[in-house]
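As structure tokens, the structure follows; a few thoughts come after it.
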Amino acid sequence: MKRHERLNTLLDILGEKGGLEVEEAAGILGVSAATARRDMDALAEQQLLIRTRGGAVPGHVNYDLPVRYRQGARAEGRAAVARAAAGMVSSGSVVGLSGGTTTTEVARALARRPEFGETGTEPSLTVVTNALNIANELAIRPQIKTVVTGGVAHARSFELSGTFAEAVLGRLHLDIAFIGVNGITPTEGATVHNEEEASVNALMARRAQRAFVVADASKIGTRCFARIGGSELFDGFLTDSSSPSEAVAEFDRSSLAVTVCGAEKEADA
């Protein structure tokens, strides 16, 4: 098990059990007690758990893990979704990207497209984002114009929200937007943990001619605190090929069209 997987597993178990001893963690992770202790210490330094004499208890992990800890999980599914999303973007477009691990992969997929790296008098692409990590990655690419909304930063998602973010988005017109979510169901549509992020994400989708939810299969069936919207707001939902067929059929019946992305699906298309 790789280190990022161990860290994710530790935090997941702490969230479920409310506490974990070092020896117990070592057995679950299949590592030595010394390695489990070092993993706990690393997470404690990031204030993601609280060390006790013999183990650890949950710290301030109220919602998501920070992007830097979640980026290793379900990487193949997110990469497939990102490739499909990037393929929907034409040169010269204005693209909206909310925060999240999947939208971060979309940004990377866009940056890797050769036509968006060509030099010229005008940017080959404009990306509007409220995610600090996405802006940081794209800012070094001179042919991609990066517009950051401003707003109040959230430590767990690196997203900017609030009145500043909404004021900027309210003055912009986007060609296409890709919105990351924490959960999505056929009845509730797309949801996230924070109401301010939900408001900014919904506005970004409304400011776009076309808007799509992008999420791996793990988000399907999860309903979170704050609703972004459903088929009345989004033109479709891009997910990966591990999504259960019955769940995909439910979304189709709810009028939120689903595109299943993956190596086998893309090869058959």
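Couple of notes before you dig in:
- Of all residues making up region 8-26, the number that are over 27 Å from A155 (Cβ atoms) and open to solvent by 60 Å² or more (accessible area, probe 1.4 Å): 3
- Count - residues of region 222-256 that are at pLDDT 90 or above, surrounded by fewer than 15 Cβ atoms within 10 Å (Cβ to Cβ) and assigned to a loop (DSSP other than H, G, I, E, B): 4
- Residue in region 200-216 that is farther than 20 Å from L169 by Cβ, open to solvent by less than 20 Å² (accessible area, probe 1.4 Å) and assigned to a loop (DSSP other than H, G, I, E, B) present: yes
The values are calculated or read from the model by the stated rules, or taken from the named source; none is laboratory data. Values in this document were obtained by computation on a predicted structure and should not be read as measured data. Glycine also receives a Cβ, built like all others from the backbone with ideal geometry; neighbour counts cover every protein chain displayed. Accessible surface areas use protein heavy atoms only, side chains included; no ligands, DNA or RNA. Shrake-Rupley method; radii C 1.70, N 1.55, O 1.52, S 1.80 Å.
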